[in-house]
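Read the structure below first, then the notes.
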Amino acid sequence: MNGRNRRRRLDSFFEIGRERGVAWKVTDKTFQSSAYGKRENKEHTIQGRIIMDMLPYFQRNHKLSSYSLNNVSSHFLKSQKEDVHHSIISDLQRGSDSDRRRLALYCLKDALLPLRLALKLSVVVNFVEMGRVCGVPLSFLFVRGQQIKVYSMLLRKCRASNLLIPTYTKRGGGGDGVAYEGATVIEPKKGFYTHPIATLDFASLYPSIMQVWND
């Protein structure tokens with residue numbers, strides 16, 4: 001096999017999407033929002049396929065002391081990875097059948113644990129339903145923030161009423177150096193309540209309703 005054929009086969013290896021002739025791309029991304037903070041990661045783009053990275057999911061939805069696969073699996077599945085340090089992977093590959101079996105179990109468990117986590121927490125089901133409610137692609141739920149979901153819902157409602165949402169070129173303020181007004185905090189009515197109190201929480205642009213009970 002000459003060098004040109006080898007190069008062609010190597011290039012075709014990265015064409016793992018559903019569109020022929022389009023290679024898999026990896027780009028460095030920085031995500032920042034008031035709700036999730038600032039994080040740097042790599043974004044994978046494969047045409048026609050949805051990339052579900054479980055690390056951003058747990059960082060956004062669960063408060064844990066560590067987001068390593070070992071710690072997350074121990075917390076939710078009561079199971080952990082195989083005890084193989086990355087520095088000895090090459091030695092295990094060059095070793096005996098028993099060594100390679102240990103390495104194979106390590107690789108298999110690394111692939112299996114994220115799938116078990118996704119199934120246990122119903123990640124796919126929840127994201128499909130969230131995408132239907134908000135009207136956004138599944139990929140947005142992994143790589144975008146809360147604002148795009150609220151904005152998509154507003155667009156859907158406005159379209160049904162034949163309304164348009166104006167587009168402003170300036171962002172981060174009201175223009176002319178005037179910042180947007182912050183949240184409105186209503187003074188509570190102090191006292192003891194014998195009936196449940198419904199509280200509306202609009203933190204991070206994502207409303208939720210809570211019932212606060214008196215003990």
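Every number in this text was worked out from the coordinates using simple rules, so none of it is lab data. Please read these numbers as outputs of a predicted model, since none were measured by experiment. Don't worry about glycine lacking a Cβ; one is built from the backbone with ideal geometry, like all the others, and counts go over all protein chains shown.
Between residue 190 and residue 44, the contour length at 0.36 nm per residue exceeds the Cα-Cα span by 47.4 nm.
All C-alpha pair distances within region 54-121, sorted into 10 Å bins from zero, spread as 19, 45, 26, 10, 0 percent across the bins. Measuring r between the beta carbons of residue 75 and residue 111 and using R0 = 22 Å, the FRET efficiency lands at 0.70.
Round to the nearest 0.05 the FRET efficiency obtained for residue 129 and residue 59 when R0 = 22 Å and r is the Cβ-Cβ distance. All intermediate terms of the calculation are to be shown ahead of the outcome.
Details: r = 21 Å, r/R0 = 0.96.
For R0 = 22 Å, the calculated efficiency reads 0.55.
The charge dipole of region 54-121, taken about the Cα centre with unit charges on the Cβ atoms of Lys, Arg (+1) and Asp, Glu (-1), comes to about 320 debye, rounded to the nearest 20.
Cut-off is 10 Å between beta-carbons; in what order do 82, 129 appear when sorted fewest neighbours first? Write out the running numbers ahead of the final one.
Values: 82 14, 129 11.
Least to most surrounded, the residues fall as 129, 82.
D by Stokes-Einstein for region 109-149, Kirkwood Rh over Cα pairs, 37 °C, 0.692 mPa s: 296 µm²/s. Taking the three principal axes of the alpha carbon atoms in region 9-98, the coordinate ranges are 49, 41, 21 Å, sorted in descending order. When Rg and Dmax are taken over the Cα atoms of region 56-95, they come to 13.6, 41 Å.
So, counting K/R as plus one and D/E as minus one, what does the shell of residues with Cβ under 14 Å around residue 43 add up to?
On the way: positive: 25, 29, 39, 42, 49, 144; negative: 28, 40, 53.
For residues surrounding residue 43, the net value is +3.
If you take all other residues with their beta carbon under 12 Å from the beta carbon of residue 141, and give Lys and Arg +1 and Asp and Glu -1, the sum is +2. For trypsin sites (Lys or Arg not before Pro), the sites in region 45-99 that DSSP calls loop and that have at most 14 other Cβ atoms within 10 Å are 49, 63, 78.
List 124, 185 from most exposed to least, where exposure is judged by having the fewest other Cβ atoms within 10 Å. Intermediate values should be presented prior to the final figure.
Details: 124 13, 185 6.
If I rank by nearby Cβ atoms, fewest first, I get 185, 124.
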